[in-house]
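One structure is given below, encoded as structure tokens.
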Ligand code: NAI
């Protein structure tokens, strides 16, 4: 179902790697809602994924950019304004990567070069994106910028490793930059704290199967899917949410406010009885 919520709006979407990516579903949904956009990803991801199919399907151009390179981001923003024919109304930052997670380093045994790379890609890149947009005055008034986060920023999930710290950093940047973007340019900045979702980045987390099942059984509405996250993001890009800013918005079927659910208790009760 489409409501034309983004008719006439222009944007940049970071992070569509394959059909499972949250950014991929968002691009499809934004397209269905009448928005135009440029797709971007790290040059290396172009070889791994199939972003070209998405570009074709949505009538979009692709501009490669490593989100940690200010030079790449400047080129991306300049070209996007040119291609789309005006300033930007919406931006999705859907980027995350921890080298410690990839290499299987435990949280208590980090390689700090990997840690630095991880926070640069996962958190500081969001500052870089916003600083380039801000300095180039490339956002339209009442524009909307969204990044994706996870609840390990607030609570302990041992296997989330240093991504927990990266997400806390990301959420803080959203608030801090969001203040200046709001004051100076009337642009809103928010993070969406999404349920565990089976994507390339998600499945990289150790024990992801148990993780996602536990969240599903705990949340009264069940886990939010990538498509549902795309729908929520569209609402934040639309004119219906103009005064929502500096927020970390939980999109998790209620998980973040739960203690324990009946299903999880029953699983434990059964275990106890079997002993
Ligand atoms: P994904 O693996 O499809 O997307 C991650 C993207 O980051 C990829 O497209 C990758 O190429 C891009 N990327 C990595 N390094 C980059 C760089 N240097 N420059 C530009 N792009 C770069 O996975 P997913 O799950 O769609 O991830 C999107 C966002 O959602 C991430 O921020 C992730 O942490 C967040 N998130 C994911 C959850 C999950 O369970 N999958 C839960 C909550 C948040």
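The values are calculated or read from the model by the stated rules, or taken from the named source; none is laboratory data. Note that this is a predicted model, so its numbers are computed, not measured. Virtual Cβ from ideal backbone geometry, glycine too; neighbours counted across all protein chains shown.
Details
- Cβ pairs under 8 Å, 6+ apart, first in segment 45-58 and over 16 Å from residue 27 (Cα atoms) and touching a residue at least 24 places away in the same chain (Cβ under 8 Å), second within 11 Å of the ligand (Cβ to nearest atom) and part of a helix (DSSP H, G or I): 45/51
For every residue, the table says whether it meets (1) near the ligand (Cβ under 8 Å from one of its atoms); (2) part of a helix (DSSP H, G or I); (3) surrounded by 15 or more Cβ atoms within 10 Å (Cβ to Cβ); (4) within 14 Å of the chain's Cα centre (by Cα).
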| residue | (1), (2), (3), (4) |
| --- | --- |
| 4 | no, no, no, no |
| 13 | no, no, yes, yes |
| 16 | yes, no, yes, yes |
| 23 | yes, yes, yes, yes |
| 30 | no, yes, yes, no |
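Okay, residues lined up against (1) exposed (fewer than 14 other Cβ atoms within 10 Å of the Cβ); (2) modelled with pLDDT of 95 or more; (3) part of a loop (DSSP other than H, G, I, E, B):
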{"site": "131", "(1), (2), (3)": "no, yes, no"}
{"site": "147", "(1), (2), (3)": "no, yes, no"}
{"site": "170", "(1), (2), (3)": "no, yes, no"}
{"site": "174", "(1), (2), (3)": "no, yes, no"}
{"site": "178", "(1), (2), (3)": "no, yes, no"}
{"site": "192", "(1), (2), (3)": "no, yes, no"}
{"site": "202", "(1), (2), (3)": "no, no, no"}
{"site": "209", "(1), (2), (3)": "yes, no, no"}
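- Selection status of residue 227, at pLDDT 95 or above, more than 30 Å from residue 140 (Cα to Cα) and touching a helix residue (DSSP H, G or I) at 6+ places or on another chain (Cβ under 9 Å): no
- For segment 39-71, a tally of residues being away from the ligand (no atom under 11 Å from the Cβ), over 18 Å from residue 128 (Cβ atoms) and in a loop (DSSP other than H, G, I, E, B) returns 3.
- Failed criterion for residue 198 (all others in (1) in a helix (DSSP H, G or I); (2) near the ligand (Cβ under 8 Å from one of its atoms); (3) surrounded by fewer than 20 Cβ atoms within 10 Å (Cβ to Cβ) hold): (1)
- Residue within segment 154-161 that is closer than 20 Å to residue 256 by Cβ, within 12 Å of the ligand (Cβ to nearest atom) and touching a strand residue (DSSP E or B) at 6+ places or on another chain (Cβ under 6 Å) present: no
- The set of residues from segment 213-240 being closer than 17 Å to residue 149 by Cβ, within 14 Å of the ligand (Cβ to nearest atom) and outside any loop (DSSP other than H, G, I, E, B) comprises 215, 226, 228, 229, 230, 232, 233.
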